[in-house]
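Below is one structure; the comments refer to it alone.
The values are calculated or read from the model by the stated rules, or taken from the named source; none is laboratory data. Bear in mind that the values here come from a model prediction, so they are computed numbers and not experimental data. Cβ sites come from the backbone with ideal geometry, for glycine too, and all protein chains shown count toward neighbours.
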Amino acid sequence: MPAPMLQALPGSTLRAVLLLVVALVVLRLGWMSDDAYISFRSVWNLVHGYGLTWNTDERVQAFTHPLWLFLIAAAHALTDEMYLTAMAVSVACSLLAVWVVLRRLTDSNAAAVAFVALLLGSQALLDFTTSGLENPLSFLLVALFCAQWLNHPAGHRPLFGLMLTGCGLALNRLDLALMVAPALAIELWQQRSRRALGLAVIALLPLLAWELFSLLFYGFPFPNTYYAKLNTGIPKAEYLGQGVVYLLDVATRDPGTMAILVLALLAPFAPGASRARLPLALGLLAYLAYVVNAGGDFMQGRFVSVPAFLAAILLSSDSGDARWADQDRVWLAVAAVLLLSATRLIPFEAADPPIRPNGVADERRYYFAQTGLVYHQRYRQVPFNHAWGMTGKRMRGAPSQSVQVFNAIGFSGFAAGPDIHIVDQHALSDAFLARLPSTRPWRIGHFVRELPPGYLDSVASGRNQLVDPAQRALYDDLQKVIRGPLLAPGRLAAIWRLNTRPAIGSESAAR
């Protein structure tokens, strides 16, 4: 469409049509992941009076996104249903994020069209507009942060609002704070004063309160998944290599997303670009470096979906820079992204296996037949229409606090109900196994632990029957922390020991 004709259209009408297009795509791709149901088990426990637990007889944080969990819990408390409730919240957050960008960050019609075109060119971004994971709320928080950052001049931005939004992003997933940390540091420096520092501290109080609660309630400042996935005894070089492989997988399987990320990193250096884009680009780069350092993820595109949303804003927004979206280079960038995205439609190799040799999988395609919104059936609801969900459902007849060993704990754990104690060999929900070294070979995000002699008997009986002395000491401290009364004598000392001594076997990770 010629630029003059595009600009002549009523802005509100065009943006409504663009939002409708995005909504139709999001609904068509709507799905739920197995990992989401790991958190949903904690949601169900919280709403039904079992507290912030996963196994109801112990305190272990098996979720990484407190803010998302509380949002889903509030919605679930109203509906007493999980699948459609989480789907509705996900769709609402994703569409609200798009609407914030269209209304507050695109002054011209050209910029609005460019933004939506970039969104539709990213498979990673579209895949995680649903899934049950925290990404939709992260999209919304990033949009709100950018609206405050790009719509005000340096030194006069709403520091409290920026800090509060950044705090929400960290509460939604702690590592996402890296994306806004450079911008927040710069603005705090530019407005440096006692008042500015006081506002920053007040805005960060929710995050500080959660960390204090986490330390006192669970015994640890970070989610159990952090220890399960990063304290494995695996050398750092192997994580770094896998992290590079993860980004290469994005580049080859989802080239549109990689194009958006690369172009966004270059955007601050384009002629005429405002300096406001540079801190956000630095945050984007810092987060991608973190992804490489952590080894990436097993879900194709998950860890680059939120960066891709930020990148799309950096490339298309003309807020405060009316020339930006009308310049030829932006339209060429959009055309390049869409062209690269179209290459996904070319069958240049054999059918994609469920899990690739590099450990990465297209999770949406893997689960879509059972959990896709377009396939939802009232009488065969997720997760009970999946084999893992049926396995968990069969466990409901076992005696109360029966101990079962599962490897895929999302659908199965949710379906099993609160009376079953599940031992997860990947250690995502098991505080003891998370502090043991992983076996080999390993797959990113799936670090299997061998069950030590006496461990299952210890869990079932409540008495320490482990053989290894180091494991016995670890188990004793953990029982005080995750099972004992919060104010029990010796519990704080046990928390200190657990957070200051290295995990068993972790010394090999430094090699």
Practice problem: Kindly provide the set of residues from the range 426-446 that are in contact with a Phe, Trp or Tyr (Cβ under 9 Å, 6 or more places away or on another chain) and surrounded by fewer than 19 Cβ atoms within 10 Å (Cβ to Cβ), ordered by number. | Solution: THR439, ARG443, HIS446
Exercise. Would you mind stating whether PHE139 is farther than 16 Å from SER12 by Cβ, in a helix (DSSP H, G or I), touching a helix residue (DSSP H, G or I) at 6+ places or on another chain (Cβ under 7 Å) and of a type in the set (Phe, Trp, Tyr)?
Key: yes
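Could we say that ALA264 is closer than 13 Å to VAL337 by Cα and in contact (Cβ under 8 Å) with a residue 24 or more places away in the chain here? Spell out how you get there, then give the answer.
On the way: closer than 13 Å to VAL337 by Cα: yes; in contact (Cβ under 8 Å) with a residue 24 or more places away in the chain: yes.
Judged against the criteria, ALA264 is a match.
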Quiz item: How about the range 70-85: which of its residues are closer than 17 Å to GLY413 by Cα and surrounded by 21 or more Cβ atoms within 10 Å (Cβ to Cβ)?
Solution: MET82
Quiz item: Of everything in the range 24-53 that's out of contact with any Pro (no Cβ under 8 Å at 6 or more places or on another chain) and surrounded by fewer than 16 Cβ atoms within 10 Å (Cβ to Cβ), which residue is nearest to ALA408 (Cα to Cα)?
Solution: GLY51
Self-check item: Residue within the range 259-270 that is surrounded by 16 or more Cβ atoms within 10 Å (Cβ to Cβ), modelled with pLDDT of 95 or more and at positive phi present
Solution: no
Quiz item: For PRO469, which of the numbered conditions (1) surrounded by fewer than 13 Cβ atoms within 10 Å (Cβ to Cβ); (2) in contact with a strand residue (DSSP E or B) (Cβ under 6 Å, 6 or more places away or on another chain) fails to hold?
Solution: (2)
Quiz item: Any idea which residue in the range 387-419 is surrounded by the most Cβ atoms within 10 Å (Cβ to Cβ), counting only those that are in contact (Cβ under 8 Å) with a residue 40 or more places away in the chain and within 24 Å of GLN300 (Cβ to Cβ)?
Solution: PHE411
Quiz item: Checking VAL467 against (1) in contact (Cβ under 8 Å) with a residue 24 or more places away in the chain; (2) farther than 15 Å from GLU58 by Cβ; (3) of a type in the set (Val, Ile, Thr), which test does it fail?
Solution: (1)
Quiz item: Taking TYR375 and the conditions (1) surrounded by 12 or more Cβ atoms within 10 Å (Cβ to Cβ); (2) touching a residue at least 12 places away in the same chain (Cβ under 8 Å); (3) not acidic (Asp, Glu), which numbered condition does it fall short on, given that it satisfies the others?
Solution: (2)
Quiz item: Just one of PHE414, PHE432, PHE447 is within 30 Å of LEU498 (Cβ to Cβ), in contact with a His (Cβ under 7 Å, 6 or more places away or on another chain) and either modelled with pLDDT of 95 or more or among the aromatic types (Phe, Trp, Tyr) (or both); which is it?
Solution: PHE447
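Of all helices (runs of 4 or more DSSP H) completely enclosed by the range 143-242, which ones contain at least 3 residues that are surrounded by fewer than 17 Cβ atoms within 10 Å (Cβ to Cβ)?
In the range 143-242, 181-190, 194-203, 205-217 are the helices (runs of 4 or more DSSP H) which contain 3 or more residues that are surrounded by fewer than 17 Cβ atoms within 10 Å (Cβ to Cβ).
Here is a yes/no grid of residues against (1) within 21 Å of the chain's Cα centre (by Cα); (2) modelled with pLDDT of 95 or more; (3) among the acidic types (Asp, Glu):
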residue: PRO2; (1), (2), (3): no, no, no
residue: THR13; (1), (2), (3): no, no, no
residue: LEU20; (1), (2), (3): no, yes, no
residue: TRP44; (1), (2), (3): yes, yes, no
Quiz item: Just for the range 111-133: of the residues that are surrounded by 22 or more Cβ atoms within 10 Å (Cβ to Cβ) and among the small types (Gly, Ala, Ser), which one is nearest to LEU339 (Cα to Cα)?
Solution: GLY121
